[in-house]
Amino acid sequence: MQTILETERLLRTWSLDDAAAVFVLTSDPLVMRFLSNNVPDRDVDEARRRVERAMAHHEKHRFGLMALVEKSTGELIGSCGVKHVYEAPVIELAYHLRRDRWNRGYATEAARATVRYGFEDLGLERIAAFVDEANLASRRVLEKCGLCLEGPGEYGGAPCLVYATSGGLRATK
């Protein structure tokens with residue numbers, strides 16, 4: 001199943017051909033530092049397995065993380081989407097970007113489109129996000145997408161902050 005959630009600059013589903021570009025992203029310790037499995041990939045095979053898991057999730061649930069492709073360059077610059085948390089009834093908004101594309105509004109653009117897609121097209125009732133308290137940039141992205149801080153929580157055994165929304169996109173500036 002091929003899904004393209006198009007924004008002005010981004011978003012499509014994965015291909016196994018993305019593994020090398022994913023490795024560039026997931027081998028960067030600064031990109032990975034706030035992710036729950038913050039161990040950088042060691043080689044392209046690990047990145048390929050990451051892509052395969054994302055593709056399998058998408059096939060099973062008809063949604064999942066999608067590749068962020070910068071239209072102006074055709075480069076894969078990250079990922080964004082909604083996915084099940086450990087096959088639990090929680091749907092998580094998740095995203096990450098190559099470091100050289102930080103501070104350009106890509107995360108907000110992709111996350112807003114994903115939240116809108118989750119509510120309008122998928123009929124989701126609630127979308128949550130789990131973020132390290134120190135990750136101020138990501139917390140701001142979540143707030144811009146209408147997610148509100150619910151309080152402390154845990155994700156993958158690590159403490160975090162839980163943000164969520166059940167009312168669709170309430171974007172802020």
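The values are calculated or read from the model by the stated rules, or taken from the named source; none is laboratory data. Everything quoted here is computed from the prediction, not taken from an experiment. All Cβ positions, even for glycine, are placed from backbone atoms using ideal geometry, and neighbour counts span all protein chains on display. The protein model used for the area step is the full one, side chains on, heavy atoms only, and it has no ligands, DNA or RNA in it. Shrake-Rupley method; radii C 1.70, N 1.55, O 1.52, S 1.80 Å.
I want to confirm something. Restricting to region 32-49 and keeping residues that are in a helix (DSSP H, G or I), open to solvent by less than 70 Å² (accessible area, probe 1.4 Å) and out of contact with any helix residue (DSSP H, G or I) (no Cβ under 6 Å at 6 or more places or on another chain), which single residue is nearest to Cys160 (Cα to Cα)? If we take residues in region 32-49 being in a helix (DSSP H, G or I), open to solvent by less than 70 Å² (accessible area, probe 1.4 Å) and out of contact with any helix residue (DSSP H, G or I) (no Cβ under 6 Å at 6 or more places or on another chain), then Met32 is nearest to Cys160 (Cα to Cα). Of the candidates Leu93, Leu149, Leu161, the single residue that is aliphatic (A, V, I, L, M), surrounded by 15 or more Cβ atoms within 10 Å (Cβ to Cβ), more than 15 Å from the chain's Cα centre (by Cα) and not in a helix (DSSP H, G or I) is Leu161. With respect to Ala56, is the statement that it is touching a Leu at 6+ places or on another chain (Cβ under 9 Å), among the hydrophobic types (A, V, I, L, M, F, W, C) and on the phi < 0 side of the Ramachandran plot true? No; evaluated as a whole, the condition is false for this residue.
State whether one or more residues within region 132-140 are among the basic types (Lys, Arg) and within 19 Å of Ser79 (Cα to Cα). Quick ask: steps written out before the conclusion?
To start, the set of residues in region 132-140 that are among the basic types (Lys, Arg) comprises 139-140.
Now drop any that are not within 19 Å of Ser79 (Cα to Cα), which leaves 139-140.
Checking region 132-140: at least one residue is among the basic types (Lys, Arg) and within 19 Å of Ser79 (Cα to Cα).
Checked against the criterion of being closer than 19 Å to Val31 by Cβ, part of a strand (DSSP E or B), without any contact (Cβ under 8 Å) to a residue 60 or more places away in the chain and in contact with a Phe, Trp or Tyr (Cβ under 8 Å, 6 or more places away or on another chain), the candidates Ala67, Ala128, Ala54, Ala111 yield just one match: Ala67.
Listed by first and then second residue, the pairs with beta-carbon distance under 8 Å, at least 6 apart or on different chains, first residue in region 13-25 and under 19 Å from Lys83 (Cβ atoms) and open to solvent by less than 30 Å² (accessible area, probe 1.4 Å), second at pLDDT below 85 and not in a helix (DSSP H, G or I), are Thr13/Met1; Thr13/Gln2; Thr13/Thr3; Thr13/Ile4; Val22/Asp41.
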